[in-house]
């Protein structure tokens with residue numbers, strides 16, 4: 001058994017609704033990508049696995065890339081990331097919002113489908129670099145854009161110092177994630193419980209705010 005096949009089976013992904021052709025297509029596509037690699041899978045194979053016609057498959061998704069994008073975003077979007085600070089917010093409210101953001105990011109990193117997508121991107125880095133590009137665009141960059149926007153709002157309210165907002169976002173994400181993602185990808189650590197992730201996000205927020213509160217804040 002190849003490494004790709006054993007990795008794909010280990011994820012134990014299940015269709016959200018076996019009676020739905022769209023759900024079966026998504027399940028079949030992701031399973032095929034994991035087992036054989038994105039570049040080697042054909043739309044005909046996906047249709048066969050999903051037990052639908054190619055016509056029905058293309059009616060749902062125009063291409064493999066569109067299917068991959070949906071596979072990634074449909075799961076990640078179940079975790080809602082705040083993008084806007086309340087009009088009236090103080091330091092305590094900012095800390096609460098950042099902690100919630102950090103905890104949501106950590107929960108996303110522990111989702112089996114998301115980890116599987118990252119492993120797929122790594123395995124396909126040479127033959128199908130678009131996989132990594134899609135994950136980065138629809139995953140990390142979406143989160144970073146939302147976080148950067150919130151930090152700019154906090155700076156405008158004088159709740160954070162004037163360091164470049166994108167740099168602050170990078171620092172916050174580094175404090176939140178540390179090496180957890182790498183350990184999960186390598187399979188050398190188990191996904192922490194949600195309470196543990198919450199405490200980790202709280203500690204990261206405390207450290208971040210201690211570094212970047214305005215001098216007169």
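Just so it is clear, none of the values below were taken in a lab; they were calculated from the coordinates. None of these values were measured; they are calculated from a predicted model. FYI the Cβ positions are ideal-geometry reconstructions off the backbone, even for glycines, and counts take in every protein chain you see.
Descriptive notes on the structure:
- Euclidean distance between Cα centres, region 20-63 to region 82-156, Å: 27 Å
- Spin-label model, residue 199 to residue 183: label points 7 Å out along the Cα-to-beta-carbon direction sit 1.3 nm apart.
- Taking every C-alpha pair closer than 8 Å and separated by at least 6 residues, the mean separation divided by the residue count of the chain gives a relative contact order of 20 percent.
- Among 29, 121, 21, the largest mean-square fluctuation in a Gaussian network model of the chain, built with springs joining Cα atoms closer than 10 Å, belongs to 21.
- Of (1) 17.8, 58; (2) 16.6, 47; (3) 19.7, 65, the label for Rg and Dmax of the Cα atoms in Å derived from the coordinates: (3)
- Degrees, to the nearest 10: 91-109 long Cα axis against longest axis of the chain: 20 degrees
- Helix 112-123 and the longest principal axis of the C-alpha atoms of the chain enclose an angle of approximately 80°.
- When the chain is treated as a GNM with alpha-carbon contacts under 10 Å, the residue of 66, 191, 201 showing the greatest mean-square fluctuation is 66.
- GNM remark for the chain: springs join alpha carbons under 10 Å apart, and the peak mean-square fluctuation among 192, 86, 112 falls on 86.
- Taking the longest Cα principal axis of the chain as reference, the axis of helix 194-212 is set at about 40 degrees.
- Listing 40, 51, 64, 88 from fewest to most neighbouring C-beta atoms within 10 Å gives 88, 51, 40, 64.
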